[in-house]
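The values are calculated or read from the model by the stated rules, or taken from the named source; none is laboratory data. All values derive from a computational prediction rather than experimental measurement. For neighbour counting, all protein chains shown are included, and Cβ atoms are generated from backbone atoms with ideal geometry for every residue, glycine included. To get the accessible areas, we keep the full protein, side chains included, count just its heavy atoms, and leave off ligands, DNA and RNA. Shrake-Rupley method; radii C 1.70, N 1.55, O 1.52, S 1.80 Å.
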Amino acid sequence: MRPLAAHAPAKINLCLFLGPPRSDGRHELVSVMQSVSLADEVRLLPAAEGVASDEVFCPRVRGPNLAGAALAAFRERTGWDAPPLRIEIDKRIPVAGGMAGGSTDAAAVLRLAAAAHGDVQESVLLELAAGLGSDVPAQLRPGRVLTEGAGERVQALPDAPAFGVLVIALDAALSTAAVYAEADELELCRGEAELERLLEQVREGVGADSEPLARPLMVNDLEHAAISLAPAIRAARERARDGGADIVMVSGSGPTVLGIFLGEDGFKRAHRAVERVAGTGPLVIAVQPVGAEFGEPRPIEAA
Ligand code: ATP
């Protein structure tokens, strides 16, 4: 197999509305996710001689890796019998930071395996993505995506108008499951009818020329739960506000804090804010939205 590489971009949630839990224990959600230019680099290569099975090298993540699970599921579903492969991941996205790092790596492996295989339908990839985790389907084709259900229903949206994002990663990790449990404890869930109404508003709210989503809808229902478990988020939010952000939010289940800078000059303004906010967390950077082409597999030379 020819060695291939792909960017696996992080996502931010432009909104995350939390509905009631379903019979399978997962919550109904309405969310607009946007891929951004902070990305892991994922490579798919032939394994070294003598290696008998697929392997994953992802130095910053201990334990089972979702990227390896993605390759195993791909082989099982498609019957692909390529010789043993090696997945290498240069991890740049904060781990357990609410930016879907594991999910985007898994989605990138599905794109890479599909490119190497050469004949796999999109519907098969989506089915595999849904089986790997609720955030994976939305990462399959990077861009701006409306998600419903527990994340398994995804609708690609046109690319968003330009904006910039100040990302403040914190020296803390939050388990997504723990944040949802805290949200239940704090009774943050909305009713079905309200979620339905919000879905309609979101569908309209992604149509503006100047904002990636209508401003009043840029809300994350998990934010209070994340702050309750990681109070350091509060100070980081204030720093982002002091840095001049138009909107300050927590990303997904946190604890990463986002400062959204709207408009054509948003990325430039987010860049300037980095200096003002430097030191708030281990990673403070400015990023911008990216589309599907950013995550396309490309050939590389084997090392
Ligand atoms: P989400 O935003 O989807 O809720 P997250 O960004 O908060 O997720 P991840 O970075 O995806 O969290 O990591 C969650 C856990 O998944 C980690 O603690 C890690 O043990 C495990 N994991 C497995 N594979 C990966 C991977 N490739 N990258 C990061 N974490 C992984």
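Treating only the Cβ atoms of Lys and Arg (+1) and Asp and Glu (-1) as charged, compute the dipole magnitude of segment 3-45 about its Cα centre; round to the nearest 20 debye.
Values: 4 positive and 4 negative charges, 8 e Å.
In total the dipole reaches around 40 debye.
Sorted by average packing, counted as other Cβ atoms within 10 angstrom per residue and highest first, what order do 194-206, 88-100, 32-44 take?
32-44, 88-100, 194-206
Rank-order 121-134, 7-20 by packing density, defined as the average count of other C-beta atoms within 10 Å over each peptide's residues, highest first.
Top to bottom by mean Cβ count within 10 Å: 7-20, 121-134.
Treating the beta-carbon of each Lys and Arg as +1 and of each Asp and Glu as -1, no other charges, what is the dipole magnitude of segment 163-203 about its Cα centre, to the nearest 20 debye?
260
Roughly how far apart, in whole Å, are the Cα centres of segment 1-53 and segment 146-179?
11
So for the chain, what are the equivalent ellipsoid semi-axes in whole Å, largest first, each being the square root of 5 times an eigenvalue of the Cα gyration tensor?
Over the Cα atoms of the chain, the semi-axes work out to 31, 22, 19 Å.
What number, in percent, do you get for the relative contact order of segment 146-303 if the mean sequence gap of Cα pairs under 8 Å and at least 6 apart is divided by its residue count? Write out the running numbers ahead of the final one.
On the way: 253 pairs, mean separation 56.9, N = 158.
For segment 146-303, the relative contact order is 36 percent.
Averaging sequence separations of C-alpha pairs under 8 Å and six or more residues apart, then dividing by the length of segment 104-238, give the relative contact order as a whole percent.
Values: 110 pairs, mean separation 25.3, N = 135.
Answer for segment 104-238 is 19 percent.
Once Lys and Arg get +1 and Asp and Glu get -1 on their Cβ, which of GLY244, VAL136, ASN65 lies farthest toward the positive end of the dipole of the chain?
GLY244
What is the magnitude of the charge dipole of segment 1-158 about its Cα centre, with +1 placed on the Cβ of each Lys and Arg, -1 on the Cβ of each Asp and Glu, and no other charges, expressed in debye to the nearest 20?
380
So for the chain, averaging the separation of alpha carbon pairs under 8 Å that are six or more residues apart and normalising by length, what relative contact order in percent results?
26 percent.
What residue among ALA226, GLY191, PHE261 has its Cα farthest toward the positive end of the dipole of segment 190-271, where the charges are +1 on Lys, Arg and -1 on Asp, Glu, each on the Cβ?
ALA226
Quick one: which of 156-162, 236-242, 138-144 comes out on top by average Cβ neighbours within 10 Å, and what's the full order, highest first?
In descending order of packing, they fall as 138-144, 236-242, 156-162.
First compute the accessible area of the chain with a 1.4 Å probe, then give the percent of it belonging to carbon and sulfur atoms.
Percent of accessible area from carbon and sulfur atoms in the chain: 50.
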